[in-house]
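Report on the structure given below.
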Amino acid sequence: DAKTTQPPSMDCAEGRAANLPCNHSTISGNEYVYWYRQIHSQGPQYIIHGLKNNETNEMASLIITEDRKSSTLILPHATLRDTAVYYCIVNAGGTSYGKLTFGQGTILTVHP
Amino acid sequence: DAGITQSPRHKVTETGTPVTLRCHQTENHRYMYWYRQDPGHGLRLIHYSYGVKDTDKGEVSDGYSVSRSKTEDFLLTLESATSSQTSVYFCAISESISNQPQHFGDGTRLSIL
């Protein structure tokens, strides 16, 4: 699976959009980009995933660049409850039995 | 939320004792996973299952065994627990290994003294 690079920490004001970047320059054509988050002491929570098109769900939007070497997770209106560690993961599924490789992630702190 | 229940949620035991952690799902998903999470290491895959009685090793499988006799249950056993196995253990399930996310349980915090 391709390696990802994320900033170690970011801050965001409550009510503003949080934009979390991820670099995955060695991503291959069959690898999806997944985003998870983990709130202290809880299990990782799935947020969104995509292959090459932008995706949106009730939690967030995922923007993938045309060359697929980077992506951005957007939380449109961050709240205090969005404070968590956010993980960007690329995964090909079938070639790696679905194993997810979690890096260090980005610690997002949402402040009032 | 995905129907995943891990038990026990917390356990303290002594070195050398056997320990079994249970993951129970109500989603009828084919794939199940056991991860451990330690400071500085992120989540690491221990074992996974791709069907009833079908299991395989992950990247940190030494000292662990698993069993899956029913679709809904995936058991992780530490035959003789060691202090290095003190960790938080997470179970995950997935409908498919392609283009489907994994959903995680709330974890079991295991301390081995």
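The values are calculated or read from the model by the stated rules, or taken from the named source; none is laboratory data. What you see is a predicted model, and the numbers here were worked out from it, not measured in a lab. We place every Cβ from the backbone using ideal geometry, glycine too, and count neighbours over all the protein chains shown. For accessibility, only protein heavy atoms count, side chains too; no ligands or nucleic acids. Shrake-Rupley method; radii C 1.70, N 1.55, O 1.52, S 1.80 Å.
Within segment A:1-34, the only residue that satisfies the criterion of being buried (at least 18 other Cβ atoms within 10 Å of the Cβ) and free of Cβ contacts under 8 Å to residues at least 60 places away in the same chain is A:V33.
Given the criteria surrounded by fewer than 17 Cβ atoms within 10 Å (Cβ to Cβ), within 14 Å of chain A (Cβ to nearest Cβ) and farther than 25 Å from A:I39 by Cα, does B:S98 qualify? Yes.
Taking segment A:7-112 as the region of interest, the strands (runs of 3 or more DSSP E) fully inside it that hold 2 or more residues being of a type outside the set (S, T, N, Q), out of contact with any helix residue (DSSP H, G or I) (no Cβ under 9 Å at 6 or more places or on another chain) and farther than 30 Å from B:C23 by Cα are A:9-13, A:18-23, A:61-64, A:70-75. Here the condition is being under 29 Å from A:V33 (Cα atoms) and over 14 Å from the mean Cα position of the chain (by Cα); of B:H29, B:H47, it holds for B:H29 alone. Being open to solvent by less than 40 Å² (accessible area, probe 1.4 Å) and within 14 Å of another protein chain (Cβ to nearest Cβ): is that true of A:T101 here? Spelling it out, it is not the case that A:T101 is open to solvent by less than 40 Å² (accessible area, probe 1.4 Å) and within 14 Å of another protein chain (Cβ to nearest Cβ). The number of residues in segment B:64-95 being over 12 Å from the mean Cα position of the chain (by Cα), open to solvent by less than 50 Å² (accessible area, probe 1.4 Å) and within 14 Å of chain A (Cβ to nearest Cβ) comes to 1.
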